[in-house]
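Working notes, structure below.
What follows is calculated from the coordinates using simple rules that are stated; it is not laboratory data. As the structure is a prediction and not an experimental result, all values here were calculated from the model. Virtual Cβ from ideal backbone geometry, glycine too; neighbours counted across all protein chains shown.
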Amino acid sequence: MTTGCCGGNGEKLIFTCAGAAYSGQVANRAGVQLMEQGAGHLFCIAAVAAGIPQKMERARDAAVRIAIDGCEDHCVRKTLEKASLKADMHVVVTDLGIEKKPAQPNLISDAKKVVEKAKAAIAAS
């Protein structure tokens, strides 16, 4: 399995929310699934927030940056923007009808919805 620790120019990087709310966990699960399906490399948004030079260089060199946010706070997209990086694709879990704190969560089904939305956005680019 690719972990996204090393790479070069032209890659697709996937940045996800991993917040405490259910929707953040769905975002992270979807990012892992996208990586496992070969849609891109999962990348650490915390490394971007921390400004780690080697990670920043790789994030800047990426051909495509995919941001998957858990909710309307858009923390992933905003973190990228603070680092002067553009999210080429942006998916928000709660925009897909997935609740931030649902009464009956279904992580597998909900993550699949996000994966399908992200793959459609990738295919359209």
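Odds and ends about this structure:
- Check on Val76, within 15 Å of Val26 (Cα to Cα) and β-branched (Val, Ile, Thr): yes
- Test: residue in region 58-78 that is of a type in the set (Val, Ile, Thr) and out of contact with any helix residue (DSSP H, G or I) (no Cβ under 8 Å at 6 or more places or on another chain): no
- Tally, over region 60-74, of residues that are outside any loop (DSSP other than H, G, I, E, B) and surrounded by fewer than 20 Cβ atoms within 10 Å (Cβ to Cβ): 3
- Selection of first residues in region 13-41 that are without any contact (Cβ under 8 Å) to a residue 40 or more places away in the chain and of second residues that are among the charged types (D, E, K, R) and part of a loop (DSSP other than H, G, I, E, B), restricted to Cβ pairs under 6 Å at least 6 apart or on distinct chains, gives the following pairs, ordered by first then second residue: His41/Glu11.
- Scanning region 15-55 for residues that are of a type in the set (S, T, N, Q) and part of a helix (DSSP H, G or I) gives Ser23, Gln25, Asn28, Gln33, Gln54.
- Total residues in region 89-125, condition hydroxyl-bearing (Ser, Thr, Tyr), exposed (fewer than 13 other Cβ atoms within 10 Å of the Cβ) and either in a loop (DSSP other than H, G, I, E, B) or in contact (Cβ under 8 Å) with a residue 12 or more places away in the chain (or both): 1
- Out of Lys82, Lys86, Lys55, Lys78, one residue alone is within 22 Å of Asn9 (Cβ to Cβ) and surrounded by fewer than 15 Cβ atoms within 10 Å (Cβ to Cβ). It is Lys86.
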